[in-house]
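What follows is a short report on a single structure.
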Amino acid sequence: MQLRRLVPALTLAILAFAEATAQNAAPRVETAAQKDARMAWWRDARFGMFIHWGLYAVPAGTWHGERVDGLGEWIMNQAKIPASEYAQLAKQFNPVQFDADAWAKTAKDAGMKYIIITSKHHDGFANFDSKVSSYDIVDATPYHRDAIKALASAAHRAGLRFGVYYSIMDWHHPDAQSGAYPDYNSRSFHSPNFARYVETYMKPQLRELVTQYPEIDVLWFDGEWIADWSDAQGQQLYDWLHTMKPSLIINNRVGHSRQGMAGMSANKDAPGDFGTPEQRVPPEGLPGVDWETCMTLNDTWGFQTFDDNWKDTKTLVRTLVDVASKGGNLLLNVGPTAQGVIPAQSVSRLREMGDWMRVNGESVYGTTASPFGLPTWGRYTARQSTGKVYAHVFDWPKNKQLALTGVTARPRSVYLLGDKKPLSVERGEGGWMVSLPAVRPSAIDAVLVVETGGTSATR
Ligand code: JFZ
């Protein structure tokens, strides 16, 4: 082997050895109480903003005049675009209208408590100033500014937590999946140099993110289903990240055993702090388990000009409440344009969710799963510290009699949230029956406070 090839190979071996030694020297030991403390803000938050933004916003779903099927951020794979050709999009990515404070305000006004943005999606393009790559927003675009840095600071100014999405799969890097072209997403493809990508590219980029962006509290991995990744590698990565920053919260896609769109890991010892159901809410509560449903407002994550299948505000609020009633968080996505603008259809829906949250947020933030199952008329959430259960009435009964199904002991008091006036409660056929007021306070979700003597609510 020539010296110029031997030196990088040796460097890699030394790096890998140093990492392995560091891991052996510092195995992560965390008590249940320490984990509760680390997860506390996240469990209280219940509602966050997901942002998918990158070069795919430039074609926005159309390639050579043809609409491309599938998700906007998958266009490189769907249209079988060679990596070198796709990379040319960087020259057109100049989001001069990007206003990080405006994005943070949109999240804040919706009632969201944290923001997770793509730092690098499957296409390999980084939205931050990476020193191990020139394939990033600072080096490769006319914009030349670090979007992750700007949004991290804006989020903190707005009092929001901040985290980044990072794809393990990389269609651009020659040592990762670019060799799988034209099927970048092949599940059987192995790169002979994948370890080199991990040690000299992925981990250095993750180190940059964790050490140079102090606001980052969450790492949201994805693209973990590739044949070159395993639970064991995920566990090593998880431990390595925690050695650098013990407070990090890391999703279960750091490992390899997520079960499809249901999102929970098959193996209970798999790495990761929370499960990631995608585009769906688990049918039942998952007591004692941390999870977060990620969902689009229309049908795509990355911006597409033609996707107009927007969910309505009522559906969105009820989805958030459904999630909270089952003990999870909702991470709702926006896909900004290549100019740096969150689509108006997204902003208006989020503003309307915020209108509901400003009145009813108490029944969502810091609550735990329903102690009384799933009533036919809506959902329950609970706050153990106060013994309050919130009855979320989606379907207001015509006869104004609401059966508090699942509640056994006589409630101490029942009233509308934001109106302390006690409502009459009588024992009836359907259990404890509440006489509802004549005026329904919300057609989206009218919230009643049920004061119980104390509940056995679990997360
Ligand atoms: C993944 C990404 O691929 C997607 O672009 C988006 O970032 C989302 C939040 O996460 O979604 C997936 C992942 C895997 C499959 C489908 C969607 N899959 O294996 O079918």
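The values are calculated or read from the model by the stated rules, or taken from the named source; none is laboratory data. Just so you know, these numbers come straight off a predicted model, no measurement behind them. With ideal geometry, Cβ positions are generated from the backbone for all residues, glycine too; neighbour counts draw on all protein chains shown. Surface accessibility is based on the protein's heavy atoms, side chains included, excluding ligands, DNA and RNA. Shrake-Rupley method; radii C 1.70, N 1.55, O 1.52, S 1.80 Å.
Summary table below
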{"read-out": "Filtered residues of the stretch 197-247 (kept if of a type in the set (K, R) and free of Cβ contacts under 8 Å to residues at least 60 places away in the same chain)", "value": "R207, K245"}
{"read-out": "Cβ-Cβ under 8 Å pairs, at least 6 apart or on other chains, the stretch 62-73 side open to solvent by less than 50 Å² (accessible area, probe 1.4 Å), far side of a type in the set (F, W, Y) and within 14 Å of the ligand (Cβ to nearest atom)", "value": "G72/Y56; G72/W301; G72/F303; E73/Y56; E73/W301"}
{"read-out": "Of all residues making up the stretch 74-105, the number that are outside any loop (DSSP other than H, G, I, E, B), open to solvent by less than 30 Å² (accessible area, probe 1.4 Å) and in contact with a helix residue (DSSP H, G or I) (Cβ under 7 Å, 6 or more places away or on another chain)", "value": "9"}
{"read-out": "Subset of the stretch 264-291 that is within 19 Å of L237 (Cβ to Cβ) and within 16 Å of the ligand (Cβ to nearest atom) - its residue that is farthest from the chain's Cα centre (by Cα)", "value": "A266"}
{"read-out": "Complete set of residues in the stretch 124-146 that are touching a strand residue (DSSP E or B) at 6+ places or on another chain (Cβ under 8 Å) and either more than 20 Å from A87 (Cβ to Cβ) or of a type in the set (A, V, I, L, M) (or both)", "value": "A126, I137"}
{"read-out": "Filter result (of a type in the set (A, V, I, L, M), assigned to a strand (DSSP E or B) and over 13 Å from Y380 (Cβ atoms)) within the stretch 391-433", "value": "L416, V425, M433"}
{"read-out": "Some residue of the stretch 395-413 being open to solvent by less than 10 Å² (accessible area, probe 1.4 Å) and without any contact (Cβ under 8 Å) to a residue 40 or more places away in the chain", "value": "no"}
{"read-out": "Qualifying positions in the stretch 106-142 - away from the ligand (no atom under 16 Å from the Cβ), open to solvent by less than 10 Å² (accessible area, probe 1.4 Å) and either within 18 Å of L209 (Cα to Cα) or part of a strand (DSSP E or B) (or both)", "value": "F128, S130, D136, I137"}
{"read-out": "Tally of residues being surrounded by fewer than 14 Cβ atoms within 10 Å (Cβ to Cβ), out of contact with any Asp or Glu (no Cβ under 6 Å at 6 or more places or on another chain) and either closer than 21 Å to E199 by Cα or modelled with pLDDT under 95 (or both) across the stretch 247-261", "value": "2"}
{"read-out": "Enumerated helices (runs of 4 or more DSSP H) restricted to the stretch 146-214, each holding at least 3 residues that are open to solvent by less than 30 Å² (accessible area, probe 1.4 Å)", "value": "147-157, 203-212"}
